[in-house]
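Notes to accompany the following structure.
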Amino acid sequence: MRRRALLSSTAALSLAALSGCLGDAREVASGDIHGEHGYANLHPADEQYVHGTFPDDSNVRGWVFPEPPADQADVFTDRALQGEFSNDLLWADGNSFVLLFEFRIPRDEAAFYNATGFVEWTGWNRCEIPIRRSGTTYEDEGANSADADELVCTAIHKFTVERGGEPTRATLAVRDRETGEAVGSYSVGEWTNQRSQPSS
């Protein structure tokens, strides 16, 4: 039993070391990842912006777009396309990629979630993106907002890879803006054009 535990630990350490080496190699090949611009929108949960559903075991979902989808309507609802999100997935062009993610939260825990800080390669196709949680008070005069007990923060951000070769997976490392406390870490993958596909 002890030998099996030691072998398991050794394998885990080797995998971690390999991931780190792949991240270093990818940084040499592709260069740094730079955040360009983006924004977040806080809205009632029943005013859906992105097709599909949240995973049963998580209030977070997200996707990496190394290139624009064939049709943005496969991703965004009509509500989103008629508002701020009309052409933003087209940012994924050339050496750029787009991160789209959502956090579902109770109204009394209202917050904006935005990508900020240094993005790091952590594998050949994976990077870690710092996300800042900024608490706020949700006061909106929309027709459905007064009675909304649950909110969703939908955020979209563009990143550019210095020498190309965009990641297809990302880890969202969330910290609170005020305290600097780590809130959580979430893994997201490439958009698959399956509307109910959860983040993995």
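Every read-out reported here was derived from the displayed coordinates using simple, explicitly stated rules and does not represent laboratory data. On a predicted model such as this, the values are computed, not experimentally measured, just so you know. FYI the Cβ positions are ideal-geometry reconstructions off the backbone, even for glycines, and counts take in every protein chain you see.
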* To do: Return the FRET efficiency for the residue pair residue 137, residue 84: r is the Cβ-Cβ distance, R0 is 25 Å, and the value is rounded to the nearest 0.05.
  => 0.75
* Structure fact -> Taking placed amide H atoms and a strict 5 Å upper bound, the residues 5 or more places from residue 54 or on another chain that come that close are none
